[in-house]
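In what follows, a structure is listed as structure tokens, so that the remarks can point back to it.
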Amino acid sequence: MKRCTVRRFFSSISIAIVVSACAFALVAQPKPSPLGIFDGHGDIGTVLHPGTAQFDSATQAYTITGSGENMWFGIDDFHFVWKKVSGDVALSADISFAGSKGNPHRKAVLMIRQSLDGNSSSVDIARHGEGLTSLQFRDVAGADAHEVQSNISAPQRVRIEKRGDYFYAFVTGKDGHLTPAGASTKLVLTGPFYVGIGVSAHDKDALETATFSNVKLETLAAETGSKPVLYSSLETVAVASTDRRVAYVAPVHFEASNWSRDGSFFLFNQEGGIYRLAVNRQEPTRISTEPEVHCNNDHGISPDGTMIAISDSTQGGKSMVYTLPIAGGAPHQITKAAPSYWHGWSPDGSTLAFTGQRGDNFDIYSIPVQGGEEKRLTTAAGLDDGPEFSPDGAWIYFNSERTGSMQIWRMHPDGSGQEQVITDGNNDWFPHISPDGKWMVFLAYAKEVSGHPGDKDVSLYLMSMADKKIKLLAKLFGGQGTINVPSWSPDSTKVAFVSYEYLPAGSRD
């Protein structure tokens, strides 16, 4: 009887130990987050109707419902599902909206933001209900937002990457694989920040719903060893809104976009050739310039739209100016001395303006369009460059370093009346006057940058010709090749330019 009691006693202890161990294991096992990879959610900004967020652990999909008037200007109103992180990260997801009758401007976003304040600095890739997909960004708290629109509508999957202070957008193309959208921006975040997904109804009185599936949040390691891939993007920017749009992006180096006189296509140079890209088309075609096959980024279109001027170094290894039919053909040599770099065509089509090095000095020259004797227009020490006629033919605008920094100047076509147009703390290059004569766009480097190199943070500025007031059009990574040549749309509402990205090679799917 006693032995039986002892056995029962030890059995009870064993059971208790097992139960206790199981209980400990249950306590130590963390519960799955109700938000999957994210930590929290809530309404951001001013939202009249509370949003919701649900995570389906079986399908690993997030369903977010949000209200809010917009995610634009100085504040974002939306519902946000987030995780607080540091360092370099990437977020990818498939996005689909619930229903097809909602506000066409409703937005579903992948976002990185400094804080949960509505006016926080932030960068996001936004899918709109109508299909528009954009990289949106607010540089500092409370500032107006800006965007770079993708040329891919309603991609199934999107991605945003933060690498240092640069942010990059990716979208799926026709092959279903993620590829650079050609949209990027620089924005400095301090300390930890928030990364997540969200929905705005674009209507303060409504609620809209989107599903985010195959959501992937990654910590990006520093790239070592492999050479990054250069992507070039031909962009346009609207002077009224400063909204940007990618027209063409490719993993090659191309430069210097011209806009055709009828607005139907662009020209640019790539690997020694001149290429034509129809507006709203995906692939360019090469224009025949044989035997001149080393064209650089100084090229442009005649006032009547029938000819191209190119600068090419095939003969003798130094650039000379040629003209040829815009459809292609054998180039006709214009300049005799080299190097010479074309930059401007007089409005009456009779004269070309170019930069030439004669001896140790770079100056501005003009020459009849048929060829003949060149005329020297500037004699100041240092570099004079980028000559371009005003639409009325009364002036040639150019940039000159004669005062110690590169600034914008102008003179009459005979070289008289040389005067400084802009005085600022930057190094300013390549003035281009709009066809209606109302605006001038130019490229600005920081004051410590010498020359016009590539791979720099630069700005495009717009000056009113009426009151000389200047505003920022765009900040971008570029420089050499960005806007060397005339690039206005014929209706004077937009400017074309080229920006660049260096991205690690490899799949992001």
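The table for this structure:
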| quantity | calculated |
| --- | --- |
| Sorted by Cβ neighbour density within 10 Å, fewest at the top, the residues 33, 499, 492 | 33, 492, 499 |
| Packing-based exposure ordering (other Cβ within 10 Å, fewest first) of 281, 159 | 281, 159 |
| Label-point gap, in nm, between residue 327 and residue 103 - each point 7 angstrom along Cα→Cβ | 5.0 |
| Using alpha carbons only: equivalent-ellipsoid semi-axes of the chain, gyration tensor based, whole Å | 57, 23, 21 |
| Gained length - residue 224 relative to residue 412, 0.36 nm times residue gap less alpha-carbon distance | 62.4 nm |
| Pairwise FRET efficiency - residue 56 versus residue 438, Cβ, R0 = 51 Å, nearest 0.05 | 0.40 |
| Mean Cα-pair separation over length for the chain, i.e. relative contact order, pairs under 8 Å, 6 or more apart, % | 11 |
| Theoretical gain in end-to-end length, residue 370 to residue 358 [0.36 nm per residue, Cα-Cα removed] | 2.2 nm |
| Relative contact order (percent, whole number), region 40-219, Cα cutoff 8 Å, 6+ residue spacing | 33 |
| Relative contact order [Cα under 8 Å, 6+ residues apart], region 264-412, whole percent | 13 |
| Region 198-229-region 123-176 distance, computed between alpha-carbon centres (Å) | 9 |
| Spatial extent of region 101-229: Rg and Dmax, with the Cα atoms as the point set, Å | 14.9, 52 |
| Computed FRET value (nearest 0.05) for residue 206 with residue 288, which takes r as the C-beta separation and R₀ as 56 Å | 0.50 |
| Proxy reagent accessibility, fewest Cβ within 10 Å first, across 452, 79, 177 | 177, 452, 79 |
| Helix axis angle, 2-28 relative to the chain longest principal axis, alpha carbon, degrees | 20 |
| Cα-centred dipole magnitude for the chain, charges only on beta-carbon of K, R (+1) and D, E (-1), debye, nearest 20 | 2600 |
| Debye, to nearest 20: dipole size of region 343-441, +1 on Lys, Arg Cβ, -1 on Asp, Glu Cβ | 40 |
| For region 229-503, with +1 on Lys and Arg beta carbons and -1 on Asp and Glu, the positive-most of 413, 258, 287 along the dipole | 258 |
| Euclidean distance between Cα centres, region 440-460 to region 27-102, Å | 39 |
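None of the figures in this text is laboratory data; all of them are computed from the coordinates on show. Owing to the predicted nature of the structure, the values given are computational and were not obtained by experimental measurement. Backbone-built Cβ (ideal geometry, glycine too); neighbour counts: all protein chains shown.
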